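Heads up: the structure comes next, in structure tokens.
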Amino acid sequence: MTLRVVRLGSAREEDEGLRLGTVRRPPRGVRKEDLARRDFYDVWVPELSPSQELVSAALRAETEAEWARFVRGYRKEMATPAARHLIELLAVLSRQTNLAVGCYCEDENRCHRSILAQLLRHAGADIA
């Protein structure tokens, strides 16, 4: 079993499993009942997304120093007990079933999902 890190709205892999949206807000203009059908997500988990303040900082980040500040801030937010428990839960589930976590960002390298993947891997997730 594996955990994939995906761009929400992209076509699903054949055996992807449950897709989790780790985003601050649902996509605009998409009805709740259409989210899974349109390959966004099956379950919304905003607790694993950066705070709105950090999302804004990430979108403004132009330099490596600004991006590094965002990364430190997001890691700090994910170090809270509630976030750590969710990360540990997903890591364990990834060894039992196929899962995917994702965000809307086009560039995974400039997206919190790349950091989330590191945190999940560190927690023992089986990442594809």
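The values are calculated or read from the model by the stated rules, or taken from the named source; none is laboratory data. Just so it is clear, the structure is predicted and the values come from calculations on it, not from any experiment. Note: ideal-geometry Cβ built from the backbone for every residue, glycine included; neighbour counts use all protein chains shown. SASA here: full protein model, heavy atoms, side chains in, ligands and nucleic acids out. Shrake-Rupley method; radii C 1.70, N 1.55, O 1.52, S 1.80 Å.
Shown here is the pair-distance distribution of the stretch 49-102: with all Cα-Cα distances grouped in 10 Å bins from zero up to the longest one, the shares run 23, 40, 28, 9 percent.
Solvent-accessible surface (1.4 Å probe) assigned to residue 1 amounts to roughly 110 Å². Each principal axis of the Cα cloud of the chain was taken in turn, and the coordinate range along them, longest first, works out to 38, 35, 23 Å. Between 111, 65, 125, the Cα set farthest toward the positive side of the dipole of the stretch 43-128 (charges on each charged residue's Cβ, about the Cα centre) is that of 125.
Shown here for the stretch 35-128: GluC sites (Glu not before Pro) in loop regions (DSSP other than H, G, I, E, B) with at most 12 other Cβ atoms within 10 Å, namely 62, 106. Maximal additional length on extending the residue 88-residue 36 stretch stands at 16.3 nm, based on 0.36 nm per residue less the C-alpha distance.
Rolling a 1.4 angstrom probe over the protein chains, ignoring ligands and nucleic acids, what is the accessible area of residue 7 in square angstrom, nearest 10? Answer for residue 7: close to 100 Å² accessible.
For the stretch 80-128, what percent of Cα pairs sit more than 15 Å apart? The answer is 43 percent, as a whole percent. The stretch between residue 79 and residue 43, if pulled fully straight at 0.36 nm per residue, gains 10.8 nm over its current Cα-Cα span. Note on the stretch 13-128: with neighbouring protein chains present and a 1.4 Å probe, carbon and sulfur make up 51 percent of its accessible heavy-atom surface. Of the DSSP H helices in the chain, those with a Cα length along their own long axis of 18 Å or more and a mean Kyte-Doolittle hydropathy reaching -0.5 comprise 81-94. Taken per residue, the accessible surface of the chain reaches 59 Å², heavy atoms only and a 1.4 Å probe. Sorting 67, 44 on solvent-accessible area from highest to lowest, probe radius 1.4 Å, gives 44, 67. Assuming charge only on the beta carbon of Lys and Arg (+1) and of Asp and Glu (-1), the dipole of the chain about its Cα centre is about 340 debye to the nearest 20. Between residue 13 and residue 68, the contour length at 0.36 nm per residue exceeds the Cα-Cα span by 16.7 nm. Other residues within the sphere of radius under 15 Å centred on the Cβ of residue 31, judged by their own Cβ, net out at +1 (K and R +1, D and E -1). What does the net charge come to around residue 108 if you take all other residues with beta carbon closer than 12 Å to its beta carbon, with K and R at +1 and D and E at -1? My count for the surroundings of residue 108 gives +2.
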